[in-house]
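Heads up, the thing below is written out as structure tokens.
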Amino acid sequence: MTDQAGRRPLIAGNWKMNGLKAEGLALADAVLAGVRGSAWRCELLVCPPATLLSLIGERLKGSPVRLGAQDCHPKPNGAHTGDIAAPMLADIGCRFVIVGHSERRADHNESDGLVKAKAEAAMAASLIPILCVGETLAVRDRGDALSVVAAQLAASLPAGASADKLVVAYEPVWAIGTGRTPTAADIGAMHQALRAALKHHLGAESDRMRILYGGSVKGSNAVEILAVDGVDGALIGGASLKAEEFLTIARACA
Ligand code: PGA
């Protein structure tokens with residue numbers, strides 16, 4: 001992988017709904033132990049569950065590992081029981097927030113419009129949304145993946161998006177947590193289509209926007225996936241729960 005158009009690779013761990021305090025701290029400490037002492041070409045990020053954000057954030061202070069959340073509400077405050085607003089996340093040290101992950105789209109019926117509103121709320125709170133898009137297996141099998149995912153991106157793209165304010169993640173739904181990944185050629189074709197779509201909507205500015213790949217990235221396939229033209233990093237679920245796997249993927253950027 002080259003730093004294409006000055007895009008610094010981002011290696012992001014999505015811990016999902018995993019970890020009690022002791023496990024989260026042990027994982028963060030193990031990542032930090034592996035990170036210290038080396039200069040990292042990529043930007044490193046962990047997205048623990050909401051209950052651990054403050055705790056892990058304290059641990060990460062002064063380190064090169066950034067803190068991110070897994071979701072936010074589209075409103076900055078108000079009567080929304082159980083939800084978390086983007087300014088609250090910024091207030092406890094988050095720099096990023098994942099929006100539109102396929103598990104939220106499926107489990108909570110999140111539409112493109114809602115995802116767009118969440119991304120806009122994140123940007124308004126000076127957080128960088130990581131906007132997830134990706135096709136189901138049925139869409140891939142009928143040969144519509146490129147057009148469906150480009151349309152999903154267009155419908156969830158926040159107003160005012162720019163390279164410094166937004167990250168896009170291509171995550172085929174059928175590759176998440178399954179151990180299956182698209183071929184390098186298919187990943188490359190999708191990233192090319194997404195970059196073309198970004199250019200269409202945002203102009204030349206989008207050349208510097210990072211597009212990550214996510215879905216069953218692990219230590220053993222990271223070199224191949226991160227070498228695909230147009231892949232600017234990875235969003236990692238299962239493998240980010242093991243510090244050594246996460247660090248192996250980060251080293252694959254070198
Ligand atoms: P996975 O998840 O790495 O476990 O496939 C990726 C994701 O959901 O972001």
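A few points about this structure:
- Some residue of segment 42-63 being on the phi > 0 side of the Ramachandran plot, of a type in the set (Lys, Arg) and either open to solvent by 60 Å² or more (accessible area, probe 1.4 Å) or at pLDDT 95 or above (or both): no
- Residue in segment 203-226 that is within 22 Å of residue 105 (Cα to Cα), under 17 Å from the mean Cα position of the chain (by Cα) and assigned to a helix (DSSP H, G or I) present: no
- Flag for residue 166 being under 14 Å from the mean Cα position of the chain (by Cα), over 30 Å from residue 25 (Cβ atoms), modelled with pLDDT of 95 or more and more than 16 Å from the ligand (Cβ to nearest atom): yes
- Subset tally (residues that are closer than 20 Å to residue 30 by Cβ, out of contact with any helix residue (DSSP H, G or I) (no Cβ under 9 Å at 6 or more places or on another chain) and part of a loop (DSSP other than H, G, I, E, B)) for segment 54-90: 2
- Residue within segment 233-242 that is polar (S, T, N, Q) and farther than 13 Å from residue 12 by Cβ present: no
- Summed over segment 95-141, residues that are part of a loop (DSSP other than H, G, I, E, B) and within 16 Å of the ligand (Cβ to nearest atom) total 7.
- Residue in segment 79-90 that is β-branched (Val, Ile, Thr), farther than 27 Å from residue 244 by Cα and open to solvent by 30 Å² or more (accessible area, probe 1.4 Å) present: yes
- Restricting attention to segment 172-185, the residues that are under 18 Å from residue 98 (Cα atoms), open to solvent by 10 Å² or more (accessible area, probe 1.4 Å) and part of a loop (DSSP other than H, G, I, E, B) total 2.
- Pick from segment 5-50, criterion free of Cβ contacts under 8 Å to residues at least 12 places away in the same chain and in a helix (DSSP H, G or I), ranking: farthest from residue 225 (Cα to Cα): 22
- Unique match (being at pLDDT 95 or above, surrounded by fewer than 23 Cβ atoms within 10 Å (Cβ to Cβ) and within 13 Å of the ligand (Cβ to nearest atom)) among 219, 233, 215, 188: 219
The values are calculated or read from the model by the stated rules, or taken from the named source; none is laboratory data. What you see is a predicted model, and the numbers here were worked out from it, not measured in a lab. Positions of Cβ are backbone-derived with ideal geometry, glycine not excepted, and every protein chain shown enters the neighbour counts. Heads up: the accessible areas ignore ligands, DNA and RNA and are worked out on the full protein's heavy atoms, side chains in. Shrake-Rupley method; radii C 1.70, N 1.55, O 1.52, S 1.80 Å.
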